[in-house]
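Visitor: First the structure, then my questions, so here it is.
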Amino acid sequence: MTKPSFDEFMHTALNDEQSQPKPQRDLWQGVERAINQAQPMQPPKQSNWQKLSGIAACTIAGLLAWQVIMNQPKQDSLANISAFFEQQKQSLLVQYETQPALTSDWQTQLQELEQAEQAIKLSLKQDPENAALLKMLAQVYQQQLDLINKVHQPRWQQI
């Protein structure tokens, strides 16, 4: 009795159908069905640590943004508001430049409103966060714009 070489042993073991275990039923149909069935991919689960660090990063970014906004000087915002209303007033004056005014004393009323504006601005320099003064300033600006509009628009155009 001779010992077969490893190659011969492998060749006979692979080709011998009786030594191969046979499945009790045909499994290829089930395998094929499982492959063809579309299964949605499950996203990898994040650990609680990742979620917590993401929430912490967003919170810190929000607090930093809030801190930057709150620490801006109020004088700059006052200057921006003043510049905006001054631009609105000048555009109205240019728009109504060719139209005659309905009253003759409207410019003195406008000067009085401008004096009130200057007085409020002086008060705001000492107390820039005073909400009542800011509201009064906005009302004075609106009164100036309303005065210019009402003086130059004929009554038949108003509703």
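Here, each number is a calculation from the coordinates, and none is a lab measurement. Fair warning: this is a prediction, and the values are worked out from it, not measured in the lab. All Cβ positions, even for glycine, are placed from backbone atoms using ideal geometry, and neighbour counts span all protein chains on display.
Visitor: Compute, for segment 90-153, the length of the dipole vector about the Cα centre, with Cβ point charges of +1 (Lys, Arg) and -1 (Asp, Glu) only. Units Debye, rounded to 20.
Guide: Charge dipole, segment 90-153, about its Cα centre: 100 debye, nearest 20.
Visitor: Follow-up question, since we're still on this one. Starting from the Cα gyration tensor of segment 114-154, multiply each eigenvalue by 5, take the square root, and state the resulting semi-axes largest first in whole Å.
Guide: 25, 10, 4
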